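Below is one structure, written out as structure tokens, with a few remarks after it.
Derivation of every value follows stated rules applied to the coordinates shown; laboratory data play no part. The structure displayed is predicted, hence computed values, not measured ones. With ideal geometry, Cβ positions are generated from the backbone for all residues, glycine too; neighbour counts draw on all protein chains shown.
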Amino acid sequence: EKVTEERVPAGPVVLRLAVRLRGPCALHMLCDSVLSGIGNQAFTKHFREEGLMDYRSTAVIDHTFFAEVYQSAILQVDTPTPYQKDKLAEVYRVLFQSQWANLQGHAGTGKTFLALLCVLQVLKDPAAIVVFVARARALCLSIR
């Protein structure tokens, strides 16, 4: 239904969306969009084009609420995808041939998740030592 001047609600309107994503990569891409502000721009554009809000209004995503929902969703990702399982086997082969492995890939491809699976496997050996290196301290916060 189109919004008309007579029917515009006063004050901010809260909208809650339930989204079914195609997997962890899509979840990370959504997070990047929200945190970069692209999500606000995309929703604003769409709602304006559909006549759901006027051109003086903007859509704003609540980053605090989003972070809580995102954290909850990401903690549910505990099973590697078939591709990640293949890469995990590759990493194990490399680790047994040498003493270090380097995981590289685009954002959202599950590098940290694979690294943690490797670390857990390696640490089954009581004499094992693991060094986790990351560009940002925040990337290491979940490893304690």
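Below are the figures for this structure:
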item: Separation of the Ala89 and Val122 label points, Cα + 7 Å toward Cβ, nm; result: 2.1 nm
item: Inter-label distance, nm, simple model (7 Å from Cα along the C-beta direction), Val130/Asp78; result: 1.7 nm
item: Sequence ranges 61-74, 112-125, ranked by mean other-Cβ count within 10 angstrom, highest first; result: 112-125, 61-74
item: Residues in the stretch 60-102 reached by a label modelled at Val19 [backbone nitrogen below 12 Å; 7 Å Cα→Cβ]; result: 61-62, 66-67, 70
item: For Ala59, distant residues with modelled amide H under 5 Å away; result: Thr44
item: The stretch 5-75: proportion of alpha-carbon pairs further apart than 14 angstrom, %; result: 66 percent
